[in-house]
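Rule-based calculations on the coordinates, nothing more; no lab input. Quick caveat, the model's predicted, so the values are computed rather than measured. A quick note on method: Cβ atoms are made from the backbone with ideal geometry, for glycine too, and the neighbour counts reach across all protein chains shown.
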Amino acid sequence: MTVLEILQSTTAYFKKRGIESPRLNAEHLLAHALKRKRIELYLEFERFLTEEELAPLRELVKRRGQGEPLQHLLGTVEFCGQLFVCDKRALVPRPETEQLVEKIADGRLQIADCRILDVGTGSGVIALSLATQFPEAKITATDSSEDALSLARENAARLGLQERVALIKSDLLAAIDGTFDLIVANLPYIPAGDRETLSREVLHDPEAALFAGERGTEMICKLIDAARAHLSAGGLLALEMGIGQAGELSALMAEKNYHDIEQIRDYSGLTRFLFGRYG
């Protein structure tokens, strides 16, 4: 079979299996199996593939058809213009979280050598992206999962940022000392009862990175309270949250004496981020 025929048959198979963006998935997996850039496939449509080339692709296609995330199969994910290692040790970074980094970088931090804390860093994408955006910043990132921290360390090393970002095992802020100009977090925010509504792909993420109690806001509420002792005067708390959670969390921020509270929509028009200053 030619490259084009393989792409067509794989796309059709993915459609039957309910895979979103089936052609794009087929192109990514074939390029990965052939160790090519995706764009290079378009120059080889008429080339016949050998059995040796097809063998690894078959296994990848089978696993993707069973709902394994594309990012796990490729082993990488692009985030804020950089390539990160991605596997089952941490949450697959979502495009919405790139917007969280963009909103922070959009003039909200005025101090060049600011102190930044990323809580629940997972694969490290937020902390490491901010380290790139703010080259003079002093950055700390925490996670309660040693698996996630090991992945974050790999990503820091790949990007040459291991000396810039301190990675600490901590349950929220339990192991943290000092104050920060920014505390940012994309914590678990899915209610435990919503499991049945999630896609097969999302359910490959670690449960601890997805679910947070009956309401989904429990961990974020704890952080809003605890962060006050670790924010410098006028320091910024920046949160990603679930759909429908803005009202409860904004009210809690106000109750805890945060000010300049902002509810910010993502590019889909959903209220996804919550910012507030303290002190």
Inset, instruction - Calculate the length of the line joining the C-alpha centroid of region 205-219 to that of region 27-74, in whole Å. - result: 34 Å
Inset, instruction - Please tell me the relative contact order of the chain in percent, rounded to the nearest whole number, where contacts are Cα pairs under 8 Å and at least six residues apart. - result: 13 percent
Legend entry - Equivalent ellipsoid semi-axes, region 141-253, via Cα gyration tensor eigenvalues times 5, rooted, Å: 24, 21, 11
Legend entry - Lys, Arg +1 and Asp, Glu -1 on Cβ, resulting dipole of the chain about Cα centre, debye, nearest 20: 340 debye
Inset, instruction - Given the options G160, G67, G216, state which has the largest fluctuation in a GNM of the chain using a 10 Å cut-off (strictly under) for Cα springs. - result: G160
Inset, instruction - Diagonalise the Cα gyration tensor of region 155-213 and give the resulting equivalent ellipsoid semi-axes, square root of 5 times each eigenvalue, largest first, whole Å. - result: 29, 17, 9
Inset, instruction - Would you look at the GNM of the chain, springs on alpha carbons closer than 10 Å, and say which of E146, E262, E196 moves the most? - result: E196
Legend entry - region 86-109 and region 111-144: distance between their alpha carbon centers, rounded to Å: 11 Å
Inset, instruction - Rank the residues M253, M1 as a footprinting-exposure proxy: fewest other Cβ atoms within 10 Å of their Cβ go first. - result: M1, M253
Legend entry - Between helix 3-16 and the chain: long-axis angle, C-alpha atoms, 0 to 90°, nearest 10: 60 degrees
Inset, instruction - Kindly list the residues of region 152-168 that lie in the label zone of E207, defined by a backbone N under 20 Å from the point 7 Å along the Cα-to-C-beta vector. - result: none
Inset, instruction - May I ask you to compute the full-extension gain from Y13 to E146, defined as 0.36 nm times their residue separation minus their alpha-carbon distance, rounded to one decimal in nm? - result: 44.2 nm
Legend entry - Over region 145-279, relative contact order from alpha-carbon pairs under 8 Å, at least 6 apart, %: 23 percent
Inset, instruction - Provide the percentage of antiparallel DSSP beta bridges, counting only those with both residues in region 89-278; round to the nearest 5. - result: 40 percent
Inset, instruction - Please give the calculated 222 nm ellipticity per residue for the chain, where each DSSP H segment of at least 4 residues contributes -39500 (n - 2.57) and the sum is spread over every residue; nearest 500 deg cm²/dmol? - result: -11000 deg cm²/dmol
Legend entry - Packing-based exposure ordering (other Cβ within 10 Å, fewest first) of H204, H230: H204, H230
Inset, instruction - Compute the length gained on full extension between L54 and I264: take 0.36 nm times their separation in residues and subtract their Cα-Cα distance, giving the result in nm to one decimal. - result: 71.0 nm
Legend entry - Cβ-Cβ FRET estimate between R228 and Y42, R0 fixed at 45 Å, reported to 0.05: 0.25
Inset, instruction - Note the angle between two axes, namely the Cα long axis of helix 146-158 and the longest principal axis of the Cα atoms of the chain, as a number of degrees from 0 to 90, rounded to the nearest 10. - result: 70 degrees
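Equivalent-ellipsoid semi-axes (√(5λ), Cα gyration tensor) for the chain, whole Å, largest first?
38, 20, 16
For region 3-66, what ratio Rg/Rh do Cα atoms give with a Kirkwood hydrodynamic radius? Write out the running numbers ahead of the final one.
Details: Rg = 10.8 Å, Rh = 11.6 Å.
Result for region 3-66 is an Rg/Rh of 0.93.
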Legend entry - Helix 95-105 axis, angle to the chain major axis (alpha carbon atoms, nearest 10°): 40 degrees
